[in-house]
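To start, the structure itself, in structure tokens.
The values are calculated or read from the model by the stated rules, or taken from the named source; none is laboratory data. In this text the structure is predicted, and so the values were computed from the model without any measurement. Methodologically, a virtual Cβ is constructed for each residue, glycine included, from the backbone with ideal geometry; neighbour enumeration extends over all protein chains shown. The protein model used for the area step is the full one, side chains on, heavy atoms only, and it has no ligands, DNA or RNA in it. Shrake-Rupley method; radii C 1.70, N 1.55, O 1.52, S 1.80 Å.
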Amino acid sequence: MGNCINLSLSKKMEQPLPVEADFKLPAPLPSWPPGGEFAKGRIDLGGLEVCQVSTFEQVWVTREGGEDGLGAAFFKPSPIPDGFSALGYYAQPNNRPLFGWVLAGRPTDDDGASLAKPVDYSLVWSSESSSVKQDVHGYFWLPTPPEGYRAVGLVVTTSPEKPALDEVRCVRSDLTDEAENDANIWSTDGFSVDVSRPVSRGINASGVMAGTFSAQATGAASASTLACLKNTASNLTSMPNLAQVDALMSAYSPWIYFHPDEEYLPSSVSWFFDNGALLYQKGNQIPTPIDSNGGNLPQGGSNDGEYWIDLAAEDGQKEKLKKGDISVTKLYLHIKPMLGATFTDVAIWLFYPFNGPARAKVSFVNLKLGKIGQHVGDWEHVTLRISNFTGELWKVYFAEHSGGTWVDASQLEFQEGNNKPVGYASLHGHAMYAKPGMVLQGNTKLGIGIRNDTATGQGIDSGKSFEVVAAEYLGAAAGTEPPWLNYMREWGPKIKYDIAKELKSVEKWLPGKMKSAFESVIEGLPDEVLGEEGPTGPKDKNSWQNDEK
């Protein structure tokens with residue numbers, strides 16, 4: 001999905017903007033194994049066939065506001081493939097290379113009624129009264145759909161004259177779904193531009209992202225009525241087969257780097273079980289050794305406190321388990337349709353036998369937090385989002401404790417000139433980040449919180465040893481899920497320690513004014529960070545069925 005751009009920037013604008021260069025992955029895309037409709041360029045949503053258009057003509061640009069204060073640029077998709085029609089324009093911040101797409105559509109129903117021209121346009125906002133840096137004025141138009149249709153994108157012009165009625169098409173209402181605003185692209189003078197996405201997102205949700213943007217202005221026509229598209233055919237033929245999944249991992253498997261001081265490394269689940277991990281049952285003092293694949297673990301149910309996993313009973317073996325074994329690390333893949341099966345999410349799960357103690361930063365002071373943060377069992381993940389139109393990597397999700405961050409492909413670090421993104425696991429806590437350094441979890445203004453330190457130490461290519469543990473859309477072809485995946489209880493016991501006592505042993509090193517602020521920040525952190533109990537497994541996470549947070 002290479003981007004092309006026809007620039008019309010003023011000579012007065014001396015410094016080039018990052019958006020003036022288009023982004024390309026470091027290496028060419030491979031030839032994907034045959035089968036199905038994956039990476040064939042077009043997807044039939046039922047009554048409407050769509051394709052991704054990633055070549056653009058720049059229409060309007062401002063060099064002020066938005067991310068890094070560099071403004072934003074607005075683009076018309078061009079050229080549109082024969083037989084297809086534009087559904088809306090594209091926008092992105094100027095602080096990154098051009099990398100995006102919008103969908104174009106063509107009817108597949110007999111009467112061609114799935115698309116219709118707008119009957120009019122309403123002006124959402126113009127930059128005439130704005131003092132932002134601009135060559136010419138920009139005008140944002142919301143299409144007025146005919147009855148029974150909905151608009152899914154806006155049009156931008158540099159003229160106060162309304163756009164031509166055939167500039168874009170509206171979509172029949174039954175082929176659309178509800179949309180909402182996602183990340184902000186640009187804001188100024190009471191006007192806001194945001195990414196538009198489906199409200200409902202998950203492996204069973206049919207909403208399709210059109211790649212367009214929404215816009216709202218105080219006292220002007222609202223674009224909040226925009227819709228997204230809908231896969232009414234529940235069509236999954238564009239999803240990859242297992243051979244194609246292997247090829248995707250060969251192309252995009254992330255490199256994961258651990259901090260040079262990391263003591264608690266990952267392993268495989270079977271190594272953890274084979275080296276003495278034990279299953280405990282409430283009311284039973286005698287634990288049970290666990291089969292290599294977890295075959296004797298209780299299946300299904302809920303996290304009711306009846307069972308939990310713990311380290312080996314013998315001290316020497318317990319310490320061995322805590323350290324993990326990077327040489328036997330295996331990654332576990334959940335392959336799932338997303339955004340109406342127009343994208344494939346490859347969730348890559350990594351297991352650590354032990355989560356180490358946390359460290360805090362209080363202004364210029366760094367403190368070890370005793371037992372706080374320690375727990376048995378730690379599940380972390382990164383997720384690749386891949387276009388089913390082209391097979392190209394679009395973005396990567398880095399899970400960070402109870403949340404996470406999506407990072408566009410244009411903003412990723414890649415390993416040695418290939419298409420493998422790089423992730424960094426934080427020291428002891430194993431949260432995943434796109435860049436090395438320190439991320440503070442807490443009150444960043446006061447400089448108080450839990451340190452998440454990342455740096456380049458030992459590394460693994462997640463594509464060297466992985467197993468597809470779930471791909472529900474493939475049915476029987478996906479194989480049988482390992483028993484441990486359906487163990488829904490905790491992978492570690494509840495920790496019996498007094499957090500208040502642990503904090504007091506730390507606070508004695510702090511100035512008086514810092515103690516209360518430090519306590520307030522720590523008390524506001526989720527249990528997952530404080531390490532009061534072991535986590536449940538991947539299948540119990542909200543992201544298993546739904547979109548990442």
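Of note:
- Three-way shape label, the chain, alpha-carbon gyration tensor, a/c 1.5: prolate
- Taking a ≥ b ≥ c as the square roots of the eigenvalues of the alpha carbon gyration tensor, segment 291-435 is oblate, as a/c is not under 1.5 and a/b does not beat b/c.
- Computed over every Cα-Cα pair of segment 293-362 and binned at 10 Å starting from 0, the pair-distance distribution P(r) comes out as 13, 27, 35, 20, 5, 0 percent.
- Value of Rg/Rh across segment 150-233 [Cα atoms, Kirkwood radius]: 0.99
- Using C-alpha pairs under 8 Å with a sequence gap of at least 6, the mean separation divided by the residue count of the chain gives a relative contact order of 14 percent.
- Placed amide H near residue 180: partners under 5 Å, 5+ positions off or other chain: 197, 199
- Length-normalised contact order of segment 191-307 in % [C-alpha pairs under 8 Å, at least 6 apart]: 15 percent
- Surface analysis of segment 150-204 yields an accessible area of 41 Å² per residue, using protein heavy atoms and a 1.4 Å probe.
- 137, 259, reordered so the largest accessible area comes first (probe 1.4 Å): 137, 259
- Here segment 24-149 was treated as a single set of alpha-carbon atoms; its pair distances binned every 10 Å from 0 give 11, 30, 33, 20, 7, 0 percent.
- Mean residue ellipticity (222 nm) of the chain, computed from DSSP H runs ≥ 4 via -39,500 (n - 2.57), nearest 500: -2500 deg cm²/dmol
- Probing with 1.4 Å while keeping every protein chain in the model, the per residue accessible area of segment 39-91 equals 32 Å².
- Note on the chain: with neighbouring protein chains present and a 1.4 Å probe, carbon and sulfur make up 49 percent of its accessible heavy-atom surface.
- Residues of segment 366-519: accessible area per residue with a 1.4 Å probe, Å²: 40 Å²
- For segment 335-352, Karplus couplings with θ = phi - 60° (6.51, -1.76, 1.60), whole Hz, Gly/Pro x: 9, 9, x, 9, 6, x, 6, 8, 9, 10, 9, 10, 7, 10, 9, 10, 10, 10
- Relative packing of peptides 407-419, 24-36 - highest average C-beta neighbours within 10 Å first: 407-419, 24-36
- DSSP-defined antiparallel bridges as percent of all bridges, the chain, nearest 5: 90 percent
- Between residue 162 and residue 189, the modelled label-to-label distance comes to 2.3 nm, taking each label 7 Å out from Cα in the direction of the beta carbon.
- Note on segment 180-320: Kirkwood radius taken over Cα pairs, Stokes-Einstein applied at 20 °C and 1.002 mPa s, translational D equal to 101 µm² s⁻¹.
- Positive minus negative residues near residue 184 (Lys, Arg vs Asp, Glu; Cβ under 12 Å): -3
- Shown in residue order for segment 33-46 are the 3J(HN,Hα) couplings computed by the Karplus curve 6.51 cos²θ - 1.76 cosθ + 1.60 at θ = phi - 60°: x, x, x, x, 10, 4, 6, 8, x, 9, 9, 8, 8, x Hz (x for Gly and Pro).
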